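Data block below; observations after.
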Amino acid sequence: MLRAYVLFFFAGLAEIGGGYLVWQWLRHGRSLVVGLLGGAILFLYGIIATR
């Protein structure tokens, strides 16, 4: 049960963080590195959420 809570927490953190970084890149013209990092974090979210 604790494992499920931990995975849920990290999945939420990855989804919000990755989406925020992509939004910063698209909306505010941040560096491409920020957008790629956000995409990588969203990819990690997909892996975490399916565990």
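The values are calculated or read from the model by the stated rules, or taken from the named source; none is laboratory data. Quantities reported herein were computed from a predicted structural model and do not represent experimental measurements. Cβ placement follows ideal geometry from the backbone for every residue including glycine, while neighbour counts extend to all protein chains displayed.
State whether one or more residues within region 25-38 are within 8 Å of the chain's Cα centre (by Cα) and free of Cβ contacts under 8 Å to residues at least 24 places away in the same chain. Yes, some residue in region 25-38 is within 8 Å of the chain's Cα centre (by Cα) and free of Cβ contacts under 8 Å to residues at least 24 places away in the same chain.
Screening V34 with (1) modelled with pLDDT under 95; (2) among the β-branched types (V, I, T); (3) touching a helix residue (DSSP H, G or I) at 6+ places or on another chain (Cβ under 8 Å) gives one miss only, at (1). Which residues, taken from region 14-51, are assigned to a helix (DSSP H, G or I) and exposed (fewer than 14 other Cβ atoms within 10 Å of the Cβ)? Selection gives I16, Y20, L26, R27, H28, L32, V33, L36, A40, F43, G46, I47.
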